[in-house]
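First up is the structure itself, then whatever we jot down about it.
Every number in this text was worked out from the coordinates using simple rules, so none of it is lab data. Bear in mind that the values here come from a model prediction, so they are computed numbers and not experimental data. Virtual Cβ from ideal backbone geometry, glycine too; neighbours counted across all protein chains shown.
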Amino acid sequence: MDRHDLARRGEDAAAAFLERVGMTVVERNWRCQAGEADIIATDGDQLVIVEVKTRRSERTGSPEEAVTPTKQRRIARIAKAYAAVNGLTPQRVRFDVITIRVLSEDRALLRHLRDAFSVEG
């Protein structure tokens with residue numbers, strides 16, 4: 001399985017998890033000039049932008065470490081673009097991160113970090 005397949009499978013698992021815990025997935029792989037949001041969901045009346053990081057090992061660092069401050073700012077720009085396109089109020093946005101550590105072909109550890117970061121401005 002190449003890294004694109006791994007990422008897709010991770011995003012599929014993350015979307016299924018979010019639905020199981022009562023959130024509604026409204027977009028997947030939403031693109032704009034600022035980049036791409038893995039998952040856009042709602043949790044009640046709150047808009048949630050979800051970054052998904054899937055790893056086979058921690059050789060290059062943990063999945064959480066991959067969501068750097070630079071990446072956080074990019075995700076915030078994507079959220080603003082999504083809100084603008086859809087006429088939503090930006091202050092209602094929450095940023096979550098889902099990390100998936102693949103343990104074997106049929107087993108993985110998923111962590112949902114709610115409100116994982118905030119971005120000023």
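State the antiparallel share, in %, of DSSP beta bridges confined to the chain, rounding to the nearest 5.
On the way: 20 of 29 bridges.
Of those bridges, close to 70 percent are antiparallel.
The Cα-based radius of gyration and maximum Cα-Cα distance (Dmax) for the stretch 3-117 are 13.7, 42 Å.
Is there a quick way to get the dipole size of the chain? I mean about its Cα centre, with the Cβ of Lys and Arg at +1 and of Asp and Glu at -1; what is the value in debye to the nearest 20?
Details: 21 positive and 19 negative charges, 57 e Å.
Dipole magnitude for the chain comes out near 280 debye.
Only helices enter the 222 nm calculation for the chain: every DSSP H run of n ≥ 4 contributes -39,500 (n - 2.57), and dividing by all residues gives -10000 deg cm²/dmol, rounded to 500. Taking the square roots of five times each eigenvalue of the Cα gyration tensor of the stretch 50-121, the equivalent ellipsoid has semi-axes of 27, 13, 9 Å, listed largest first.
Sorted by mean Cβ packing within 10 Å, highest first, what order do the peptides 40-48, 19-27 take?
Working: 40-48: 16.0, 19-27: 12.7.
Per-residue mean Cβ counts within 10 Å order the peptides as 40-48, 19-27.
Quick one: go through the stretch 104-121 and flag any residue whose amide nitrogen is under 17 Å from the point 7 Å out along the Cα-to-Cβ line of E64. The answer is 109-118, whose backbone nitrogens lie closer than 17 Å to the label point.
Taken about its Cα centre, the stretch 25-68 carries a charge dipole of roughly 300 debye when the Cβ of each Lys and Arg holds +1 and the Cβ of each Asp and Glu holds -1.
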